[in-house]
Amino acid sequence: MKVLVTGVSGYIGSHAALELLKAGHEVHGFDNLSNSSEEAVRRVRALAGRPLRFERLDLLDAEGLGRLLKEGFDAVLHFAGLKAVGESVEKPELYRRNNVDGSANLLAAMEAAGCRKLVFSSSCTVYGEVRENPVDESHPLGAVNPYGRTKLDVENLCLERARLDPRWRIALLRYFNPVGAHDSGRIGEDPRGVPNNLMPFVMQAAVGRRDKVRVWGNDYPTPDGTGVRDYIHVVDLALGHLAALDHLDAFVGARAFNLGTGRGASVLEVIAAAARAAGREIAYEIAPRRPGDAAAIWADPARARRELGWSARLGLERMCADHWRWQKDNPNGYGA
Ligand code: UD1
């Protein structure tokens, strides 16, 4: 297939582009490079040994999008978007414009070009307040911050689009917590500034860029009192997109799928696994809860297994080993 990848130089987009190339697809990607580096694209090309067309383009450039889509694509994988929860609370309008208006532009350009197959990067954040674990796709939806609101809004745009025109095929992939890196250690997550997410922070502590990890709360109703999440290896996640692409014709309209392992790990379990992978101790201290955090959330990934033939294969040890290799070989990310 000829596939367009938005957000191709980002963490998940770059890993998905690599797996697409390895599977023989023709890949064209774009990114506005606001939060990523073109070096990721160069490394994906080198790893795949195949061409990957890239251009700098912003989702808010409707004209540019229209021109690009007119080239003719079989499907679009849509990763581009802002993703920092804290920043979204400070700048909700920026998040709405980039994530929601940008996605609306993309859908309009696709429609105009007659490309109606889309895989959208959604998030388990659309489940809002978690009622019960594991969470399946029928769990009530809600937003607990502006970032989550944008994911929900884009899901709704997709559902609406598919309702109005049954020729559309859209997979809404609800990611749990992506971590890890390609096992070459050449591509990985490169957060700008101080990482908000646990794994990049833990790995930067392991490599000596941070003095210690702050554990946000140890008084949750979980086995060791710290927050529990469903961490998923980014390569498993990338392969979930290929499975979705392969199965888009099997369902009508827009359909949501959880991409998680179905297993939860606590903050302390992650720190311990990361320390084993890095072969060194990782200092941490217990700090107050972070406002807005859930105690625990993990996926019921049965629908993706049943309908997409996909399930996660790589466990926490492997996630940490691969993330560590990337961190150790690229202590300053792509900027080194
Ligand atoms: C967060 C976002 C989620 C987003 C995801 C990926 C919130 C409420 N949710 O998920 O919408 O899709 O990132 O970008 O922010 N932790 C620490 N110390 C740290 C960092 C994290 O103890 O320095 C703990 C957290 O309290 C949590 C776990 O580690 O229990 C995972 O946190 P994080 O990696 O930020 O992901 P989420 O909060 O699950």
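Throughout, read-outs are computed from the coordinates displayed, never taken from laboratory work. This one's a predicted model, so the numbers in the text were calculated from it and none came from an experiment. Glycine also receives a Cβ, built like all others from the backbone with ideal geometry; neighbour counts cover every protein chain displayed.
Here are a few things to note about the model shown:
- The smallest convex shape that holds all Cα atoms of segment 110-255, its convex hull, gives 163 Å³ per residue.
- Segment 235-266 residues near the modelled Ala295 label - backbone nitrogen below 17 Å, point 7 Å along Cα→Cβ: 264-266
- Potential extension, Glu55-Ala302 segment - 0.36 nm per residue separation minus Cα distance: 85.2 nm
- Evaluated at q = 0.09, 0.12, 0.16, 0.17 Å⁻¹, the base-10 log of the normalised Debye intensity for segment 11-163, with identical point scatterers placed on the Cα atoms, takes the values -0.31, -0.56, -0.97, -1.08.
- Cα centre as origin, Lys/Arg/Asp/Glu Cβ charges: segment 275-324 dipole, Debye: 180
- The trypsin sites (Lys or Arg not before Pro) of segment 201-260 include none that meets both conditions, a loop assignment by DSSP and at most 10 other Cβ atoms within 10 Å of the site Cβ.
- For the pair Ala287 and Glu93 in one chain, pulling the backbone fully straight at 0.36 nm per residue adds 66.8 nm over the alpha carbon distance.
- Kyte-Doolittle mean at least 0.5, axial Cα span of 18 Å or more - DSSP H helices of the chain: 234-247
- Neighbour-count order for Arg96, Arg67, fewest beta carbons within 10 angstrom listed first: Arg67, Arg96
- Simple Cβ-charge dipole of segment 1-137, Lys/Arg +1 and Asp/Glu -1, about Cα centre, in debye nearest 20: 520
- Computed from the C-beta positions of Glu71 and Ser34 and an R0 of 22 Å, the FRET efficiency is 0.40 to the nearest 0.05.
- Each listed q (0.11, 0.14, 0.15 Å⁻¹) maps to a log10 I(q)/I(0) for the chain from the Debye sum over equal C-alpha point scatterers, namely -0.67, -1.14, -1.32.
- Cα-Cα P(r), segment 219-311, percent of pairs per 10 Å interval: 14, 35, 28, 17, 5, 0
- Computed extension length for Asp219-Glu269: 16.5 nm, one decimal, from 0.36 nm per residue of separation with the Cα-Cα distance subtracted.
- Spin-label model, Lys22/Glu63: points 7 Å from Cα along the beta carbon direction are separated by 4.0 nm.
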